Amino acid sequence: MRIVAIHVEGYGTLGDRSLHLDRPFVLVYGPNEAGKSTLTSFIRTVLFGFMTRGQAEHRIAERYEPLGGGTYGGSLILIDEKDQRILVERFDRTLNSKGRSSTGTVKVTFPDGSVGGEEELSLILGGISSELFRVLFAFGLTELQELRTLQKDEIGSYLYSAGLGISPSVMIDGERKLTARIERLYKPRGKNQEINMKLKSLDDVDIAIRRSKDFITQYDAMKNEERAADIHIQELEQLRTGLNKQSVWLETCLKARDSWFRLQSVQAELAELPDLPAFPEQVVSRYESLLEEQERLIIDSQECKLKLEQLDHFLDQLMLNDQMLLHKTEIESLLEGVSIYQADLRTLDELKVEYAQTNKELQRTLRLVDAKWDEHHLESFPVSAANREEVSRFKQQMDDLLRERNLLDTEEHTLINQRDRLNEEHKMLAERKSEEASVGAGMQLTALVDKIGDKIGEPTSYIRTLANQYASYKLLDQECEHLRQRVEDHHLQQALTDQLAHKKDSNSSLTIPISVGLIGAIGAALLFTQGNATYGAILLGAGVILALGIAVVMRKSTAGSHQAKGRRGREYRGSQEEHTPMGQSSVLTDKLTRVERERDELRDRLQDQVYLFWQLRSADSGKVEYAWVYAKRWLDEQLEPWQTAIEERSKQQDKWALLGEKTADLQQQLFAVDKQLEKLEARIQTNTYASADVGTRWSEWLTRHAFSEPLSPYAVEASLPLVEQGHSLLHQQRRLEGRLAAAEITTASFEAAAAGLLGSSAAAEPILGVKRQGEALAQELRKREEAARAMEERAAVELTALSLSQRLDSLQLRMAELLEQAHAESETSLRVNARLAARRAELDGERRHLLPALTALVHGQRLQELDAMLTEHGESELALQADELTQRLAQVTREVNELRERRGLLAGEAAKLELGTSHSDKLQQREEQLASLQQAGRDYAVHAFALHLLRKAREVYEQERQPGVLKRASDYFARMTQYKFTGIRAPFASEQKLEAVRPDGRGVDTAYLSRGTAEQLYLAMRFALAEEYATRVNLPLIMDDILVNFDDARMETCLEVLNELSTRHQIILFTCHKHVREATLRKLPNLQLVEL
Amino acid sequence: MQPFRFLHSADLHLDSPFKGMSHLPDSIRDRVRESTFAALQELVTLAVQEQVDLVLISGDVYDLADRSLRAQIRFQKAMQELSIHHIPVFIIHGNHDPLDGRAAKLSWPEGCYIFGTEQVESVLVEREGRGAIARVHGISYRTSAVVDNLALKFQQTDSHIKQPVFEIGMLHTNVEGEADHDNYAPCTKQDLLQSGMNYWALGHVHTRKVINGGTNSGDTCIVYPGNTQGRSVRECGPRGCYIVDVTAEGYTKLTFHPLDQIRWFVETIQIVGMENEQEIKDALELKMQEVLKLADGRSCMIRLVLEGRGPVHDLLRKGSALQDLLDELRDQEMIRVEQGAVFIWPESIDDRTGRVIDQEQLLEQRSFVGDMLRMSRELQQSDDALGQFRDEALSSLLLQSKVAKVLGADTANEDELREMLRAAENLLIDTLADGGWNG
């Protein structure tokens, strides 16, 4: 593949730049910043895409975005192996503006017009990566240096795996992993490896299996032993049965021994005893009991006899009185009557006492009723309702009359009192009248007035008019005085004003009122101290007012004086008008004149009147002088007393009138009272008559009923309950009398009866006598009872005695019978016989018991054998034998049991072995372990195979493949270094390093090479690899100033190599060095030179 | 000749453990342990049911020379049962239960004949009312490793001619050196054909096989009935015995009857196109259900082989993913086992999957991996090279011969080696891919 044209649209500093590369070797020359590196990058970018922002993170400049903005990208025209011209365009945005891809969008246009993208481009580029291209095909010194340290795995691996196809590190890593795995799986003589451990546990299982194999032998032995045991058990069982039988017989013998001996002796004794046939049972006891009974019977009959005798004697001794029985009924009835009689006596006494008391009570009651009264009166006065009513009627009438009389008396008394009082009052009034009259006469003035009054119609009003007129006169006089004063003041002021015409001195205006005020005040104070407060106050007030008035006036006058200097005049108080002083003064004077005239008129009138008055008065008392002075003096001094006297007189006259009225009134009242008194007297008279009538009727009534007079109806009424009581007492008394008579009759009859029975001698004490008789009777009766009882008893005893003798007879008969039965003549022989018979029976019984027991024990048939056995052997001998047998038996049993146990054990063990799965389980386990081992083994083998395969392949590679690349590289390197080095070596197994090889075969690590040589080495490697790569793709080699570190000679040889290479690869060499350019041009005249 | 019927079985391997199983739960182990016995019981039942005239057991009644007592007792009981039904039984002992092995001294019931080791014995079988029906010849192994050609000892004698009956030879042998089995009492087919037997009742090879003759033929029958119960993944499919009907003409008719209790399966599942674990699991479960249906109501052991290339390969390799998957399947199965129901127990999952990678292309490449693969393929072409490669690769292991034997490293056959090599290829690719290589 070749690049024939480059068109930069916009890339880094370059913009709209085109280059045409015609030759296989192109030298691009340009100074620094001409855009060489940019161009190299541009080619890379078009082919592999823009560097992404991520990649260019710290080398943003490497993205080469156009500095001035605008289109970013460009195109290349390539010619591939098939000579096709292919246009490759790449821009940072899609051609159809769909979006942006960080690597840009490529468009590949083939000559036939077909269009492709990245995929097609990648095919053209043989699928190599951008990185590889950068390092291997388009590189500068930087990339060369990178190669030096083989930092980049991809590059490093590519260097080696040009024919390897794999990164050596991967290979080495894989080898290491495989080795590790293998060693984990197994190591000869290892312990912790998987297989080693499994082997160990397999061994353990094997051992266990070997052990369990022995079970078969054990099993057989067990089976044999089991069979032997079986036989032995059978033998022993037989033996045991024999022994058992024997032992049982011996035991039986031993058990039977006692019984057997007993039987023998019983039989011997029986043989000796006589035979008493049909011997009655218990003959002795029966006989004895009969004897006992006999004895008892004899005693009983004796007792009976004794008792009979006793009873007879007793009967004889009882003395009976038949006489007593004759009076039995009588005595009994009397005895019964005793208590009644006693009671009657008691009742009699009580009744007597009661009667006496009742009587006493009756007498007392009668006395209470009336001293004259006795029972007959009482009986004849029934306390009937009529009587009662009558008495109360009387009582009512008398009461009414009495009450009326009392009322009348009271009324009369009142009226008399009233008359006395009125008389008294009348007298008092008369006294006061006279008293008043004397008082009025004592008053002079009043008398004068009266006198005057006779002349003048009405002195009172006259005096009052006079007083009024005088007061008016005084007022007018005062005003005149005042006015005169003012006129004077006015004049004075006028004079002062004239004097002080040129100066204003208002001091006087103040001084005057103050002094006036002061005078007033002092006057007032004086008046106060003298007690005339009213005047004082008036004076003070007047003074103050005056002072104020003066002050005001003076102010005004002062003001006036300002306006009208040198002018005099009078001013009226309170006037606002301004008058000329002359006018003012005349007004005042006029007024004064008028008032004085008025006053004088009034004075004249007064004088007339006073004179008149005097005349009137002097008619009585002296002469009168018609003069004002006198008049005035009188007015001042006498008018007031006159006035007072007049008032007093009118009051007195009023009082008189009142007294007169009162007296009249009283006289009227007196008259009325006298009238009333008369009426009352009449009524009292009537009442007295009625009372006398009632009193007569009452006395009649009392006499009729034998009441001693004078009893009031009240007393009679109060006696009525007593009368009633008297009645009841009387009745009671009658009843008691009846009962007394009855009691007396009863007692008398009893006493008579008693006397009849006891005789008169006992009559004194009838009760005692009767009681004694009663007792005697009772005793007699008791005796008779006892006799009867004794007779009864005697009969019974006789009966008993008879029965006893009968029983005795039969008893004796039975005793005789018994003796006969027992074949005995006497009691003694009976006893002997009885003992013998008892013994025989006992022995017989024993034998009867023993024989079947023994038979049962030996099962009947062997009785004789038993006899023989027991006869032959003693007890101890037998016991010994039995003991021995028992012991042997126990031993045999034990043996059998042990054997059985053993046999059971064996059978169990054998069964366990027969069914035992442990062996097969172990075998299965072994197989499982084996399986797991084999699996591990296979794993091991597979890994070992893989490892081996890997190693073998590596060997092959090292031997056959690697030299191919290195050979070519070595060739280039040798040429470039002018055979200072013979080649390059890559020791594969060790670290991925290259060595330069000296002619003597010595390897020099790249690190130790000079810079130039090292670069030549890498260059040689690159050329070789590019050649190697040519099998895949033939790409142009773009180199950026790589020759700068070469000396001239080596540069030339290097250029030669390049020239040779250019026949197969397009070579584009960038340089900024002139010497390089020249050397190249000199060496390779056919190259195309492009100058930037 | 009298027509009659007999039962031919061999290799009971009573009380033999199952091979290749690791980490069996107890309940499964119990079922496994009983399986060989159950198969024997099935045999007895079959014999009684089919009213056979005799029963042949051609060696390896027990699994080991030191036979288990339980096995012997159970076998004795089985024999007693047959005896009760008046079915005679003829037994030879093989390499697994030679007569020199430890055995309990058990008494064998009437009608049970065990051939000795010294010489070929012949027994004329007579049935009540039918007279002689067959003559059975046989010889037992004295020791576990008999390398003589015992077939040669079976010779026609005069008696054969005097009283011609159906001749049956019983031999525990490896005819023509069957590779999968130990080459004991080796003989050739020819040897057998020349012996004058009508029927060779062979034992030893566990895979059912009729070497000569067969149904409805008058030819000499040479028959391996196979073992009665499969015990490892190598013994897949139905296992049982033959019932042979002999006609009056001496024609034979063979009918196979399965006796096995637990049947083994190896099933392959392709992972191509699968995307996740769930899909694998579903596929495995589906496969297990299918297999269970095939097993006619028997429980099964199954090895699940995952094959193919796909993205799930990486998922399976991750951590213990494969084991987890297995555990999960087993857990599900455990529920059935606990219930005593028929189960299908995943013995293992064999992961033979590979990365999605164009191996063919790699093989073409002149690259390291290409070299490696090519090398592996070359090795797989040649057994010798393979053996040599094995010896080189496992040199450190093979030095420990005992260990190597236990691990089966030295006994692995070429196919296994090839399989391992393929696994190694995948492992290498995976390992390199883990390191970052991506083809």
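Shielding by partners for peptide A:211-222, expressed as the average number of C-beta atoms from other protein chains within 10 Å of each residue's C-beta, is 4. Computing Rg and the Kirkwood Rh from the Cα coordinates of the protein assembly as shown gives a ratio, Rg/Rh, of 1.55.
Explain nothing, just the number: dipole magnitude of the protein assembly as shown about its Cα centre with +1 on each Lys and Arg Cβ and -1 on each Asp and Glu Cβ, in debye rounded to the nearest 20.
Numbers: 186 positive and 238 negative charges, 1867 e Å.
Computed charge dipole of the protein assembly as shown: roughly 8960 debye.
The loop-placed trypsin sites (Lys or Arg not before Pro) in region A:993-1081, going by DSSP, that have at most 16 neighbouring Cβ atoms within 10 Å of their Cβ come out as A:993, A:1002, A:1032, A:1064.
Here's the picture: charge each Lys and Arg Cβ at +1 and each Asp and Glu Cβ at -1 in the protein assembly as shown, and of A:942, A:892, A:870 the one pushed furthest to the positive end of that dipole is A:942. Largest GNM mean-square fluctuation among B:211, B:302, B:91, using chain B with Cα springs under 10 Å: B:211.
For peptide B:9-19, the mean count of partner chain Cβ atoms within 10 Å of a residue's Cβ comes to 3.
Using a simple charge model, +1 on the beta-carbon of Lys and Arg, -1 on the beta-carbon of Asp and Glu, nothing else, what dipole does chain B show about its Cα centre, in debye to the nearest 20?
Numbers: 45 positive and 68 negative charges, 238 e Å.
For this selection, approximately 1140 debye.
With a 10 Å cut-off around each Cβ of A:912-920, the average count of Cβ atoms from other chains is 6. Can you give the angle from 0 to 90° between the axis of helix B:368-381 and the longest principal axis of chain B, with both taken from C-alpha atoms, to the nearest 10? Compared with the principal axis, the helix lies near 10 degrees.
Going from the isolated chain to the complete set of protein chains, region B:34-82 loses at least 40 Å² of heavy-atom accessible area (1.4 Å probe) at B:64, B:66, B:69, B:70, B:73.
Over the alpha-carbon set of chain B, divide Rg by the Kirkwood Rh and report the Rg/Rh ratio to two decimals. Could the numbers behind the result be given before it?
On the way: Rg = 25.3 Å, Rh = 24.2 Å.
Ratio of gyration radius to Kirkwood radius: 1.04.
Of all the options B:205, B:312, B:136, the one that moves most in a Gaussian network model of chain B with Cα springs shorter than 10 angstrom is B:312. Helix B:69-84 axis versus longest C-alpha principal axis of chain B: approximately 40°, rounded to the nearest ten.
Convex hull over the alpha-carbon atoms of region B:79-226: what's its volume per residue in Å³?
Working: hull volume 18.5 nm³, N = 148.
Here the figure is 125 Å³ per residue.
So what does log10 I(q)/I(0) come out to for region A:199-338 at q = 0.12, 0.21 Å⁻¹, using the Debye formula with one equal point on every Cα and no solvent? With one equal scatterer per Cα and no solvent, log10 I(q)/I(0) is -0.98, -1.24. Derived from the Cα gyration tensor, the three semi-axes of the equivalent ellipsoid of region A:880-1033 are 94, 17, 9 Å, largest first. The protection proxy used here, the mean number of other Cβ atoms lying within 10 Å of each residue, ranks peptides B:50-60, A:926-936 as follows, highest first: B:50-60, A:926-936.
Quotient of the Cα radius of gyration of region B:1-133 and 2.2 N^0.38 Å, N being its number of residues: 1.13. Legend: Rg and Dmax of region A:805-945, from Cα coordinates, 45.0, 151 Å.
For region B:209-284, build the convex hull from the C-alpha positions and give me its volume per residue in Å³. Mind dumping the intermediate values first?
Working: hull volume 9.2 nm³, N = 76.
Convex hull volume per residue, Cα atoms: 121 Å³.
Ranking B:7, A:656, A:610 by Cα position along the charge dipole of the protein assembly as shown, where only Lys, Arg, Asp and Glu carry charges on their C-beta atoms, puts A:610 farthest toward the positive end.
Taking Cα atoms only, the orientation of helix B:414-435 departs from the longest principal axis of chain B by about 20 degrees.
Please give every one of the aspartates and glutamates within straight-line cross-link reach of residue A:427, meaning a C-alpha to C-alpha distance under 20 Å, and leave out same-chain neighbours fewer than 8 residues apart. Residue A:427 reaches A:435, A:436, A:661, A:665, A:674.
Ranked highest first by average number of other Cβ atoms within 10 Å, how do B:233-239, B:129-135 line up?
Working: B:233-239: 19.0, B:129-135: 15.6.
In decreasing order of mean packing, B:233-239, B:129-135 become B:233-239, B:129-135.
Taking amide H as placed 1.01 Å from N in the peptide plane, the amide H of residue A:25 sits under 5 Å from that of A:1067, A:1088, each at least 5 places away or on another chain. Karplus-derived 3J(HN,Hα) values for region B:315-328, using 6.51 cos²θ - 1.76 cosθ + 1.60 with θ = phi - 60°, are 4, 5, 6, 5, x, 9, 4, 5, 5, 4, 4, 4, 4, 5 Hz; glycine and proline are entered as x.
Working note: Cα gyration tensor of region B:327-394, eigenvalues times five, square-rooted, sorted largest first, giving semi-axes of 41, 18, 9 Å.
Within region A:626-707, report the chymotrypsin sites (Phe, Trp or Tyr not before Pro) that DSSP leaves as loop and that have at most 14 other Cβ atoms within 10 Å. Could you put the intermediate results ahead of the total?
Details: sites: A:626, A:628, A:630, A:634, A:642, A:656, A:671, A:689, A:698, A:701, A:707; in loops: A:626, A:707.
Answer by residue number: A:626.
Counting Lys and Arg as +1 and Asp and Glu as -1, each charge on the Cβ, what is the dipole of region A:967-1088 about the Cα centre in debye, to the nearest 20? Kindly include the intermediate steps, with their values, before the conclusion.
On the way: 17 positive and 16 negative charges, 27 e Å.
Rounded to the nearest 20 debye, it is 140 debye.
Counting Lys and Arg as +1 and Asp and Glu as -1, what is the net charge of the other residues whose Cβ lies under 13 Å from the Cβ of residue B:148? With Lys, Arg at +1 and Asp, Glu at -1, the neighbours total 0.
Annotation: amide H of residue A:50 within the under-5 Å range of A:104, sequence separation 5 or more or interchain, hydrogens built in the peptide plane. Projecting the Cα atoms of A:972, B:278, A:294 onto the dipole axis of the protein assembly as shown, where Lys and Arg carry +1 and Asp and Glu carry -1 at the beta carbon, places A:972 farthest toward the positive end.
A Cα-only calculation for region A:794-840 places Rg and Dmax at 16.5, 54 Å.
Using R0 = 45 Å, the C-beta based FRET efficiency linking residue A:413 and residue A:650 works out to 0.45.
The values are calculated or read from the model by the stated rules, or taken from the named source; none is laboratory data. Not measured: the values here are computed from a predicted model. Neighbour counts run over all protein chains shown; Cβ positions are idealised from the backbone, glycine included. Keep in mind that these areas ignore ligands, DNA and RNA; they rest on the heavy atoms of the full protein, side chains included. Shrake-Rupley method; radii C 1.70, N 1.55, O 1.52, S 1.80 Å.
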